[in-house]
Amino acid sequence: MSDTDTHVDTALPAPSCVMVIFGAAGDLTKRKLFPALYYLSVANRLPERFAVLGVSREALSSEQYRELMNTESRVHLDGDYSAEVWDRLVQCCHYLQGDFRDPEAYEALAKKLSELDDQCQTGGNYLFYMATPPAFFGDIAEQIVNAGLAHEDEGHWRRLVIEKPFGHDLQSARALNRKLLDMFNERQLYRIDHYLGKETVQNFLAFRFANGVIEPIWNRRYIDHVQITVAEPLGVENRASYYEGAGALRDMIPNHLLAVLAMIAMEPPISFDADEIRDEQARVLRAIQPLTPEDVLTHTVRGQYTSGVMADGMQVPAYRQEAGVAADSQTETFVAMSLMIDSWRWAGVPFYLRTGKRMPGRFTEIVVQYKHAPNTAFKHSIMKNKHVEPNVMVLRIQPSEGISLGINAKVPGQVMQLSPVEMNFSYDDYFGDEPSTGYETLIYDCMKGDPTLFKRADIIETAWQLVEPILDVWTALPPRDFPNYAAGQWGPSAADELLQRDGRAWRICTDA
Ligand code: BG6
């Protein structure tokens, strides 16, 4: 059987629609959304009758917009390039200049959409994608409603995709949810977290619930602790205006890291129905022990990078020297914490989370460390640390997707000597290395009306609720030691101490 024979793909093209992108000339559109549409088109998943309508403030004609995508988005494609597929996609693009807060722009939008429905036979189905700064989310939603564009009748659907950050804290997230739910049904709202679109993250469901051997040992009886690392070598790039007000905690924890944690820790759903899965995710997030102010001091760590040398030898500036960053900025670029889940399955098993900018490499992985096997039989054997190494399961999301299991083996020879070895499954070996942005499945699911991989209002709010005490304590007690780690290092030493105190250590990340 060839590699491709193992991969049976039965999905059909999505139903006809117009995808309206607010923020059509922005970074997200160029880097992620257009490449994702291209990969969907290569996979024959885009609707047969389809149009993209870009909306933003820039004065551009549709022709100029297509040209902009040709010059500034095409460069972000990976893998084999098909000019035919790209050109077909770009030919589906139209453009409308408009101010997101101006009602007249939405009158023009309604007119343009009805023209596109006639011209492209898109059936009156609209996917509104808010690829804008979050300050516009509420206003755009309101204007869509006021222009009568959210109303579903005669079998049309109208859906709204809301990018992150969804709120700035618990209060603002609640306010945004309330505002949206006053105007839309929950089933029309798609709060996106692109980590849930990553293939390996979705594979957690298959890995845990389709393998009889995994689930029985996925609990506190066998597991010592879990580590979730999302490390990036990148600095703040050109996003200081957003990042200065957000910081690593808001940027990554309530969304990406808790989404991954929920996938790892949730109970088995009774079916793969969207709400069954999301109910379980919400339940496990609710079971995380809330942090008291004292816990925040002892169980969380924040850091900010200073200048340093990256793994490739590049000397990079300190965060405070980046364009748009205040010279005395208190914004954290690194965060680590330990959380406990109060559930029958996880009681007593710490979950350690860390994420940061200017880390030694791009590593996103989950480490599940099993408890030590008893030493008894190997007392007189040669071992690295005088004890049998614990088994470690590593679920790698980036850069090379896969799963490995560290086990102990006997070194060949006349004496009983143990050495840890790895059993390794790499996605590429079995399924090839398909280029992807993480957005393909999410856009496709949204067009099909499948909300499984999107956040429900309660999940968003529970996540903010967990983060809120940290925000409060950190705001009340500004950091006194920033900057406290050099670019190219694994964050401040306090992050190592967080685990050392418990007799543990972060796993050294490698890309296989
Ligand atoms: C985004 C954050 O949501 O996720 C960025 O705002 C971060 O700061 C990015 O760099 C990480 O995503 P990925 O897919 O590159 O791991």
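Any read-out appearing in this document is the output of simple, stated calculations on the displayed coordinates, not a laboratory observation. Computed from a prediction, not measured in an experiment: that's the story for all the values here. All Cβ positions, even for glycine, are placed from backbone atoms using ideal geometry, and neighbour counts span all protein chains on display.
If contacts are Cα pairs under 8 angstrom and at least 6 residues apart, what is the relative contact order of the chain in percent? Write out the running numbers ahead of the final one.
On the way: 911 pairs, mean separation 90.8, N = 512.
Computed over the chain, the figure is 18 percent.
Diffusion coefficient of the range 129-270 by Stokes-Einstein, Kirkwood radius over Cα pairs, 37 °C, 0.692 mPa s: 183 µm²/s. With viscosity 0.890 mPa s and temperature 25 °C, the Kirkwood radius over alpha carbon pairs of the range 427-512 converts through Stokes-Einstein to a diffusion coefficient of 136 µm²/s.
Considering only DSSP beta bridges where both residues belong to the chain, give the percentage that are antiparallel (nearest 5). Provide the component values of the computation, followed by the final result.
Details: 42 of 75 bridges.
Percent antiparallel among DSSP bridges in the chain is about 55.
Taking every C-alpha pair closer than 8 Å and separated by at least 6 residues, the mean separation divided by the residue count of the range 370-512 gives a relative contact order of 15 percent.
Sorting the segments 471-484, 338-351 by their mean number of nearby beta carbons within 10 angstrom, highest to lowest, gives 338-351, 471-484. Neighbours of residue 27, meaning other residues whose beta-carbon lies under 13 angstrom from its beta-carbon, give a summed charge of +1 when Lys and Arg score +1 and Asp and Glu score -1.
Each Cα pair under 8 Å and six or more residues apart adds its sequence gap; the mean of these over the residue count of the range 277-367 is a relative contact order of 28 percent.
Over the range 245-308, the pair-distance histogram of Cα-Cα distances with 5 Å bins from zero comes to 4, 14, 18, 20, 18, 11, 8, 6, 2, 1, 0 percent, rounded to whole numbers.
About its Cα centre, the chain has a charge dipole of approximately 1700 debye under the convention of +1 per Lys or Arg Cβ and -1 per Asp or Glu Cβ, with nothing else charged. When each of the peptides 221-232, 408-419 is scored by the mean number of other C-beta atoms lying within 10 Å of its residues, the order from highest to lowest reads 221-232, 408-419.
Would the range 76-141 count as rounded, prolate or oblate if I go by the C-alpha gyration tensor, calling it rounded below 1.5 in a/c and otherwise prolate when a/b exceeds b/c, oblate otherwise?
On the way: a/c = 2.64, a/b = 1.42, b/c = 1.86.
Oblate.
How many angstrom separate the Cα center of the range 390-408 from the Cα center of the range 474-505? Centre-to-centre (Cα) distance: 25 Å. Loop-resident chymotrypsin sites (Phe, Trp or Tyr not before Pro) (DSSP state other than H, G, I, E or B) in the range 240-293 with no more than 15 further Cβ atoms inside 10 Å of their Cβ: 272.
Work out, in µm²/s and without decimals, the Stokes-Einstein translational diffusion coefficient of the range 330-424 at 25 °C, 0.890 mPa s, Rh from Kirkwood over C-alpha pairs. Write down the numbers at each step before the final one.
On the way: Rh = 16.2 Å.
D, rounded to a whole number, is 151 µm²/s.
The angle separating the long axis of helix 137-146 from the principal Cα axis of greatest extent in the chain is about 30 degrees. Sorting the segments 76-83, 489-496 by their residues' average number of neighbouring beta-carbon atoms within 10 angstrom, most packed first, yields 489-496, 76-83. Dividing the summed helix terms, -39500 (n - 2.57) for each DSSP H run of n ≥ 4, by the number of residues in the chain produces a 222 nm estimate of -10000 deg cm²/dmol to the nearest 500.
Between 462, 318, 300, the Cα set farthest toward the positive side of the dipole of the chain (charges on each charged residue's Cβ, about the Cα centre) is that of 300.
Overall, the range 356-453 carries a charge dipole of about 860 debye about its Cα centre when +1 sits on the Cβ of Lys and Arg and -1 on the Cβ of Asp and Glu, all other atoms neutral.
Multiplying each eigenvalue of the alpha-carbon gyration tensor of the range 44-174 by 5 and taking the square root yields semi-axes of 26, 20, 16 Å, largest first, rounded to whole angstroms.
Roughly what percent of Cα-Cα pairs across the range 132-209 reach past 22 Å? Kindly include the intermediate steps, with their values, before the conclusion.
Numbers: 1083 of 3003 pairs.
The share of Cα pairs beyond 22 Å in the range 132-209 comes to 36 percent.
Work from the charge dipole of the range 343-433 (Cβ charges, +1 for Lys and Arg, -1 for Asp and Glu, about the Cα centre) and give the residue of 399, 359, 347 farthest towards its positive end. Projecting each Cα onto the dipole axis, the largest value belongs to 347.
At most 15 other C-beta atoms within 10 Å and a DSSP loop state: those are the exposed GluC sites (Glu not before Pro) I care about. Give me the longest piece of the chain that has none.
Numbers: sites that count: 48, 58, 154, 237.
My reading of the result: 238-512 is the longest stretch.
So how strong a dipole does the range 72-190 carry about its Cα centre when Lys and Arg Cβ are +1 and Asp and Glu Cβ are -1, to the nearest 20 debye? Could you put the intermediate results ahead of the total?
Values: 12 positive and 21 negative charges, 85 e Å.
Result for the range 72-190 is approximately 400 debye, rounded to the nearest 20.
Antiparallel DSSP bridges in the range 379-501: what percent, to the nearest 5?
Approximately 95 percent, going by the DSSP bridge assignments.
Percent of C-alpha pairs per 10 Å bin in the range 217-372, short distances first: 10, 34, 31, 18, 7, 0.
Rounded, prolate or oblate: which fits the range 176-252, taking a ≥ b ≥ c as square roots of the Cα gyration tensor eigenvalues, rounded meaning a/c under 1.5, else prolate when a/b beats b/c?
Values: a/c = 2.51, a/b = 1.37, b/c = 1.83.
Taking the square roots of the gyration eigenvalues as a ≥ b ≥ c, the range 176-252 is oblate.
Checking the Cα-Cα distances for 179/357; 32/164; 30/198; 164/357; 112/455; 32/455 against a 23 Å cut-off, the pairs over it are 179/357; 112/455.
Could you list log10 I(q)/I(0) for the chain at q = 0.10 Å⁻¹, which the Debye formula gives when each Cα is one point scatterer? Here log10 of I(q) over I(0) equals -0.85. Taking the charge dipole of the chain about its Cα centre, with +1 at Lys and Arg Cβ atoms and -1 at Asp and Glu Cβ atoms, the residue from 140, 419, 253 reaching farthest to the positive side is 419.
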